[in-house]
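Let me begin by presenting the structure, written as structure tokens, before commenting on it.
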């Protein structure tokens, strides 16, 4: 399996919300670095992904990737629901992967989204024309765990969604 195929498999696992399935893609001492929060290590990486699916309807899309040696880099899109407002959101970023023995040892995630540009879209770039995920493609997770969680009124923001639906 190529490094990019492994990353594709990891992204499929992310969308399942299954922490065990996600964790199988990583070395035991793997580290996931971010631009907006502290690093996650080992099993915590998989648990963070599970939280994203169950609590904010997170879904990740691998848009493009290249690889060389023990590294791979991708462009990604994440669709999610704002837990306070229920608003459907979309973020974009890139991740650099270092693999050891066919498993992910390190991810360096670069992500943007702020009040001036909440989607993180590249300004002036036509994401749709390139076949990238857009807000028109937004969809909630389909995993059984995510469906059960989305009906949980204890999850912030869900009351507004249920009332509006």
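At a Förster distance of 35 Å, what's the computed FRET efficiency of residue 125 paired with residue 70, Cβ-Cβ distance as r, to 0.05? The pair residue 125/residue 70 has a calculated efficiency of 0.75. Relative contact order of the stretch 1-73, taken over Cα pairs closer than 8 Å and 6 or more residues apart, is 38 percent. Note on the stretch 70-111: along the principal axes its Cα atoms extend 42, 15, 12 Å, ordered by decreasing extent. Scattering from the stretch 11-71 was approximated by placing one identical point on each alpha carbon and applying the Debye formula without solvent; log10 I(q)/I(0) at 0.13, 0.18, 0.21, 0.24 1/Å stands at -0.37, -0.70, -0.93, -1.13. Footprinting exposure proxy ranking of 90, 4, 14, fewest other C-beta atoms within 10 angstrom first, gives 4, 90, 14. With N the number of residues in the stretch 1-110, Rg(Cα) / (2.2 N^0.38 Å) evaluates to 1.01. Across the stretch 14-143, C-alpha contacts under 8 Å between residues 6 or more apart give a mean separation that, scaled by the residue count, equals a relative contact order of 25 percent. Residue order for 95, 44, fewest other beta carbons within 10 angstrom first, comes to 44, 95. In terms of other Cβ atoms within 10 Å, 7, 73 run from fewest to most in the order 73, 7. Counting 0.36 nm for each residue step from residue 111 to residue 28 and taking away their Cα separation leaves a gain of 27.4 nm.
Only the coordinates and a few stated rules stand behind these numbers; no lab work does. Keep in mind that this is a model prediction, so the values were computed, not measured. Cβ coordinates were reconstructed from backbone atoms using ideal geometry, including for glycine residues, and neighbour counts include every protein chain displayed.
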